[in-house]
Structure formats: structure tokens, C-alpha cells
Amino acid sequence: MIQSWTQYFQIDFYNKKPQNIIWIILLIGFGIRLAALMTYGFALTINSDDQAYIRSALNLLETGKITYHLGEIIPTVHIMPGQTLLLSAVFLIFGSGDVGICVAKILWILMGTLCIYFVYLIGKYISNVFIGLLSAFLLAIFIPQVLTDNLLLTETPFFLSLLGMVYFSIRLANEHRMLHFYLLMMFYFIGIIFKANIALFPLVLLVYLILKKYPIKLAVKQFVIAFILLLFVLGPWWIRNYIHYGEFIPLTGGAGNPLLHGTYQGSGHLYGDDYQTAVEKVEAQNPANNFERMKLQEEVANERIKSWWNEHRETFFESYIIMKTKVQWHEQFYGIEIFNFSKDLINKLHLVIVYAAIASLIIVPFLRDKWKEYIFLLGLIVYNTALNDVFYAYNRYNQPFMFILFILISTAIVVITQKLFRSRINGGYGVSNRDGT
């Protein structure tokens, strides 16, 4: 039996161009996402942020102002402008009716399909083509991601920018090419204009570059260039915010509510006013706009955190570190059931994925010089989880990072398969394909 499996892994198909399988995987991923659009149409919506972004885009076309909340007159700083700008561009060309919405959803599906390809590139570059293919396939058939790619949320364009950041960070760390640096910066700035919470990505990258012993002189040069690019890219946003609010707002001013809301997770409901009362007290101060409202809610949140810390530090740590982490990773963001996949089934499969990824970590120490890339990927999960633990923990914010779990699982499967059948897939493990194809 072992001999027959060994022969299977050595047939010509695997010795020629197995990377061509990616086109089949991309077709599968695109087909499933398009099937969801054709099956559920425009009715596939969570009637929350996705509709707010559509409203924001339409208002931008009508008034020239980026707003978010209903009745908002002053341009908002609650969100970054990426989603509004992208949707408004689609609506400007194709209209805001059914055709415009359809084109926007197809654009999201195309971005989701491109994400599959980027996951393939990342897995292939840091390990080998088979890990890239398997990781891409897992993402292609991942039903929660299929759903998200059919919703006009920031998650899909942000996911694409995140993958670009990861891929070109790894190539930069290994090849030191300026082209990869500029592509990294491009995807980083795209990521920021969609989600402000990726702003501290350079800190995780710095740790990775230190592990890779990146040339200090080159790093300093690139840091200066990055700073100059930052001024050019975000400068107009800073000026716009200062004109409307009279103060420097580097990214957004909407952290007050998620910070306050987050203080009621875990044991937080035991301290001070209940959430509704706290919000009503803020409203009683008659905030002039939503930005001022967020600032007042942030003050209340900080007072609650201070009281909680002083009164019962044990439950504070338990809630902010353990409980909130469980909230983020115990279930999958899957608010609408599609293709008869129940939420209960998806959550069970999600836990299997999480535990399988954790078990796969045992492989990392044995990956020769590749362990640094895996530490980088794990650092991104730790960063994102810790950041969301500070605010309101929600499983939706972790979905763009599920690809890391797929890469871990794929690595374990491929390595174990190679060891078990003693095959020489791609010249043996440890041979990287760094041609980027």
C-alpha cells in the first residue's frame, strides 16, 4: 500500500508543472462566489455596515462629503475613506441602481478570487508549491469567506491589501529589492484607507526584519522614504479632518464607542452604569456631532476601565485577555446561511480549523530557516487579536487572518505526507519557489 502511494506522488503530473492546478482552484473559488451571487442576489446583506457604506458612497456623489451615520451633516471621521471612495467610483460609472450594486458585488468577488491567488503565492514562496495550492484551495471553498466576498463590507478589499502586505514583506525580507518595498508600501496604504487598525503593522514587520537580520542601512533608507510617502498619502486626510474638526486626527475618531462597548464584555457589566444608561448620560451632554460623541464615550470607557482595574484586577485580566480572545476565535463570522450550510455546522468546522492549526504549530520548529516566516504570520494573529481585545471583540475582525490557519494546516499536511511516503515533491521540503510565479 505504501509503495502504491509513493508511486502516486512520483508520477509525471507532479514532476511537471503542478502550479498549474492553481487555475483550477481559482476557477472553483470564483465559481462558488458567483453562484452565491446568482442564487441570493442583492438580498444577501447584513443590513448593517454594508448598507451604511452604500449610503455613504451615494451621499459622497450627491454632496461631495464623506459621511456615515444617518442625518450626519459634517464629514465623518468615524471611518476611513477607502470603502466609500471605491463604491462611489463604481456608482459614478454604473449608477447606483441594481446594475451598480451588481458590478460592485462582482468586483468584490474578483477581489476575493485574487485573495485566493495571493494565499497561493505566500504559501508557495515560504514553503513549496503544494502548501500554496492546498492553502489556496481551503480558502477557495471556505463558505464564510464566500459569504463575505458577496457582502459590500471592508473585509474583502482589506483582506486583499493585507495579503499584499504579507507577500511583499516576506519577499522584501528575503530579497531586499526596492520594488518589493514600494509594492509593500502601496498595499499598506491601501489597507490603512480601508481599516485603521492595520496602522501598527510595521511593528510586527520590524520584529520579522530583525529576525531576518535585515540590513540596517537599507532599513533606515526605506524608513525615511516610507515616512515621506506617508505624508503624501495621508496628508490630505489630515488636512481635511483639521478643517472640519480643528484638531489633528491621524486616522479615525470613532474608537470611543467600540472602546466603551468593549468594557461591557466579560465581567464588565458588573461595574458602574449599564451600557444604555452610560450612552444616555453621554447624549444628555448634547454632543455637537458624532466625533464629540465618540470622545465623550471614550472618557466614560476610560473611567470604567480605571475603576474595573482598581476594584477587581483578576476579572479584568480574565475578561480582556481570555474571554475576549475566545469571543474572537470561538465562532466564525457567518450571519447569513448560504448553500444549506448551517451556522452550527460552520462553527463546528471553524473549531476544527482552529484546533488543527494549533496542533500544526508543532511542525514550525522543524522548518529549518522557514520558521521565521511562520513567526511573522503568527505575530499578525497576535497583533490583531490583542488590538481587538482592547476594544469590542468580534469574530468578524479575525476573518481576514484565517488564511494563516490554512497555511499552518497545509504545512503540517504536506510535511507529514512527505515524511510518511518519503516522496520528493518539488525536490524535497525546504526548497522555496521564489520566482513569485
With the requirement that a residue be under 19 Å from Asn128 (Cα atoms) and touching a Pro at 6+ places or on another chain (Cβ under 9 Å), what does the stretch 351-400 give you?
Trp371
Search result, residues across the stretch 36-57 that are in a helix (DSSP H, G or I) and either closer than 15 Å to Tyr334 by Cβ or in contact (Cβ under 8 Å) with a residue 60 or more places away in the chain (or both)
Ala36, Leu37, Thr39, Tyr40, Phe42, Asp49, Asp50, Tyr53, Ile54
Only one residue in Asp389, Asp344 is modelled with pLDDT under 95, within 17 Å of Glu331 (Cα to Cα) and either in contact with a His (Cβ under 7 Å, 6 or more places away or on another chain) or among the acidic types (Asp, Glu) (or both). Which one?
Asp389
Count - residues of the stretch 290-307 that are touching a residue at least 40 places away in the same chain (Cβ under 8 Å) and either among the aromatic types (Phe, Trp, Tyr) or over 30 Å from Tyr68 (Cα atoms) (or both):
1
Would you mind stating whether Thr84 is surrounded by 24 or more Cβ atoms within 10 Å (Cβ to Cβ) and of a type in the set (Val, Ile, Thr)?
yes
Can you tell me which residues in the stretch 58-87 are charged (D, E, K, R) and assigned to a loop (DSSP other than H, G, I, E, B)?
Lys65, Glu72
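One line per residue, one yes/no per condition, for (1) more than 22 Å from Val166 (Cβ to Cβ); (2) of a type outside the set (Val, Ile, Thr); (3) at pLDDT below 95:
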position: Gly191; (1), (2), (3): no, yes, no
position: Asn197; (1), (2), (3): no, yes, yes
position: Val207; (1), (2), (3): no, no, no
position: Ala219; (1), (2), (3): no, yes, no
position: Val224; (1), (2), (3): yes, no, no
Among (1) surrounded by 20 or more Cβ atoms within 10 Å (Cβ to Cβ); (2) touching a residue at least 40 places away in the same chain (Cβ under 8 Å) - the single one Met111 does not satisfy:
(1)
Condition test on Ala412, is it modelled with pLDDT of 90 or more, surrounded by fewer than 18 Cβ atoms within 10 Å (Cβ to Cβ) and assigned to a helix (DSSP H, G or I)?
no
Just to be sure I understand the filter: pairs with C-beta atoms under 9 Å, separated by 6 or more residues or on different chains, first member in the stretch 251-263 and under 25 Å from Leu230 (Cβ atoms), second member in a helix (DSSP H, G or I) and among the hydroxyl-bearing types (Ser, Thr, Tyr). Which pairs pass?
Gly253/Tyr245
Among the candidates Ile93, Ile25, which residue alone is at pLDDT 95 or above and over 30 Å from His244 (Cα atoms)?
Ile25
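For the stretch 143-161, what are the residues that are of a type outside the set (Phe, Trp, Tyr), in a helix (DSSP H, G or I) and touching a Cys at 6+ places or on another chain (Cβ under 9 Å)?
Passing the criteria: Gln145, Thr156, Leu160.
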Out of curiosity, is Tyr275 of a type outside the set (Lys, Arg) and out of contact with any helix residue (DSSP H, G or I) (no Cβ under 6 Å at 6 or more places or on another chain)?
yes
Between a residue in the stretch 204-222 that is free of Cβ contacts under 8 Å to residues at least 60 places away in the same chain and aromatic (Phe, Trp, Tyr) and any residue that is surrounded by fewer than 17 Cβ atoms within 10 Å (Cβ to Cβ) and not in a helix (DSSP H, G or I), which pairs come within a Cβ distance under 8 Å, given they are 6 or more apart or on different chains?
Tyr214/His176
Do we have Ala89 as in contact (Cβ under 8 Å) with a residue 24 or more places away in the chain, under 21 Å from Leu160 (Cβ atoms), out of contact with any Gly (no Cβ under 8 Å at 6 or more places or on another chain) and aliphatic (A, V, I, L, M) here?
no
Exactly one condition in (1) at pLDDT below 95; (2) crowded, with 19+ Cβ neighbours inside 10 Å; (3) not polar (S, T, N, Q) is not met by Arg368; state its number.
(2)
What is the residue count in the stretch 308-341 for residues that are loosely packed, with under 14 Cβ neighbours inside 10 Å and free of Cβ contacts under 8 Å to residues at least 40 places away in the same chain?
8
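Kindly evaluate Arg171 against the criterion of being part of a helix (DSSP H, G or I), charged (D, E, K, R) and under 28 Å from Phe391 (Cα atoms).
Criteria not met by Arg171.
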Going by the conditions given, is Ser135 hydroxyl-bearing (Ser, Thr, Tyr), crowded, with 24+ Cβ neighbours inside 10 Å, over 17 Å from the mean Cα position of the chain (by Cα) and within 24 Å of Tyr208 (Cβ to Cβ)?
no
Quick one: Ala301 ticks every box in (1) crowded, with 16+ Cβ neighbours inside 10 Å; (2) more than 19 Å from the chain's Cα centre (by Cα); (3) at pLDDT 95 or above bar one, so which box is it?
(3)
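The values are calculated or read from the model by the stated rules, or taken from the named source; none is laboratory data. Only a predicted model underlies this, so the values are computations on that prediction, with no experimental measurement involved. Using ideal geometry, Cβ is built from the backbone for each residue, glycine included, and neighbour counts are taken over all protein chains shown.
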